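Step one of this worksheet: look at the structure below.
The values are calculated or read from the model by the stated rules, or taken from the named source; none is laboratory data. Here the structure is a predicted model, which means the values were calculated and not measured. Glycine also receives a Cβ, built like all others from the backbone with ideal geometry; neighbour counts cover every protein chain displayed.
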Amino acid sequence: MRLTVLGGCGAWPEAGQACSGYLVEHDGFRLLVDLGYATLPRLLERVSVDQVDAVFISHGHPDHCADVNPLLRARALRDDPPAPLPVYALPGALDAVLALDRPGMLDAAYVLHEFTAGSRLDIGPFRAQTRLLPHWVPNAGVRLAAGDRVLAYTGDSGPSPDVVELARDADLLLAEATYVDEVPEDSQGYQSSARQAGRQAADAGAGHLLLTHLRPGTDPAAARAAAADEYDGQVAVATTGLILDLP
């Protein structure tokens, strides 16, 4: 299983970066997990739009799904449009993005599979277990298994025992870490810090920890250090272009 980071910024993209978006590949199947602001140009540096096999969206905030619109436009408006793209999302999560164009314009470009958090999904070679994790809007964390490798992704989530269960013995935990240490009072329970992500990775027994969704301006080294205080495994920060092959 290979993970390519298209973007890892939280809220808005820094110069030269992009918001949350990840390309996960196994046995030639290409799954996009989230597709936030500025991720499509990063994707197109690697593959063409017709080479994407499916999309999974954790929740409806635009820094996780805004570039679904240009992805579908690029598929729908070509002379030889590919087959409809399977898109997996919670009910209503993509309503705003799919309403950006005139009615019907993108209908032939995708097939929307709405699921309930907690559902198990088969997406190509991936066995996906979803779990509702705490955020301001419904957010589905996902545990992707293929072959004997497991990647767990939180979307955006406050700290929760459900994150630990989602990541139990995973090879890689891709965890939201908007803040380094202290989460502001108005965001507590809805977003996490790098320190909390490290603690949860340790509790889960995850093999590696990849911090993502850092707020622009955050010092990556400080985030890594805070997570490493709680977690003895390898810690990295998701930046555009990072590629990880799950061992």
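Could you tell me whether any residue of segment 126-134 is surrounded by 19 or more Cβ atoms within 10 Å (Cβ to Cβ) and over 30 Å from residue 52 (Cα atoms)? The answer is no; no qualifying residue exists. The residues of segment 64-83 that are out of contact with any Lys or Arg (no Cβ under 8 Å at 6 or more places or on another chain) and either farther than 18 Å from residue 100 by Cβ or modelled with pLDDT under 95 (or both), listed by number, are 78, 79, 80, 83. A single member of 118, 158 is on the phi > 0 side of the Ramachandran plot and either of a type in the set (Phe, Trp, Tyr) or assigned to a loop (DSSP other than H, G, I, E, B) (or both), and it is 118. Report whether or not residue 18 is surrounded by 22 or more Cβ atoms within 10 Å (Cβ to Cβ), more than 17 Å from residue 152 (Cα to Cα) and modelled with pLDDT of 95 or more. Criteria met by residue 18. Mind checking which pairs have a first residue in segment 212-234 that is of a type in the set (Ser, Thr, Tyr) and a second that is surrounded by fewer than 18 Cβ atoms within 10 Å (Cβ to Cβ), Cβ under 6 Å, 6 or more apart or different chains? Taking only residues 6 or more apart or on different chains, the pairs are 231/202.
Select from segment 48-62 the residues that are touching a residue at least 60 places away in the same chain (Cβ under 8 Å) and over 25 Å from residue 27 (Cα atoms) and list them in ascending order.
Result: 59, 60, 61.
Given the structure, is residue 88 assigned to a loop (DSSP other than H, G, I, E, B) and modelled with pLDDT of 95 or more?
no
Consider residue 187 carefully, then state whether it is touching a Pro at 6+ places or on another chain (Cβ under 8 Å), at pLDDT 95 or above and of a type outside the set (Val, Ile, Thr). When the stated conditions are applied, residue 187 does not pass them.
Which of the residues that make up segment 162-180 are over 15 Å from the mean Cα position of the chain (by Cα) and not in a helix (DSSP H, G or I)? 168, 169, 170, 171, 179, 180 - these are the residues of segment 162-180 that are over 15 Å from the mean Cα position of the chain (by Cα) and not in a helix (DSSP H, G or I). Residues of segment 94-108 that are more than 17 Å from residue 31 (Cβ to Cβ) and either buried (at least 19 other Cβ atoms within 10 Å of the Cβ) or aliphatic (A, V, I, L, M) (or both): 96, 97, 98, 99, 100, 105, 106, 108. Candidates in segment 181-209 are the residues that are without any contact (Cβ under 8 Å) to a residue 40 or more places away in the chain and assigned to a strand (DSSP E or B); of these, the one that is surrounded by the most Cβ atoms within 10 Å (Cβ to Cβ) is 209. Residues of segment 124-158 that are basic (Lys, Arg) and free of Cβ contacts under 8 Å to residues at least 40 places away in the same chain: 127, 131, 143.
The residues of segment 91-115 that are part of a strand (DSSP E or B) and either hydrophobic (A, V, I, L, M, F, W, C) or at positive phi (or both), listed by number, are 111, 112.
Of the residues that make up segment 148-161, is at least one over 18 Å from the mean Cα position of the chain (by Cα) and surrounded by 22 or more Cβ atoms within 10 Å (Cβ to Cβ)? Among the residues of segment 148-161, not one is over 18 Å from the mean Cα position of the chain (by Cα) and surrounded by 22 or more Cβ atoms within 10 Å (Cβ to Cβ), which makes the answer no. Residues of segment 210-230 that are surrounded by fewer than 24 Cβ atoms within 10 Å (Cβ to Cβ) and part of a loop (DSSP other than H, G, I, E, B): 215, 216, 217, 218, 219, 229, 230.
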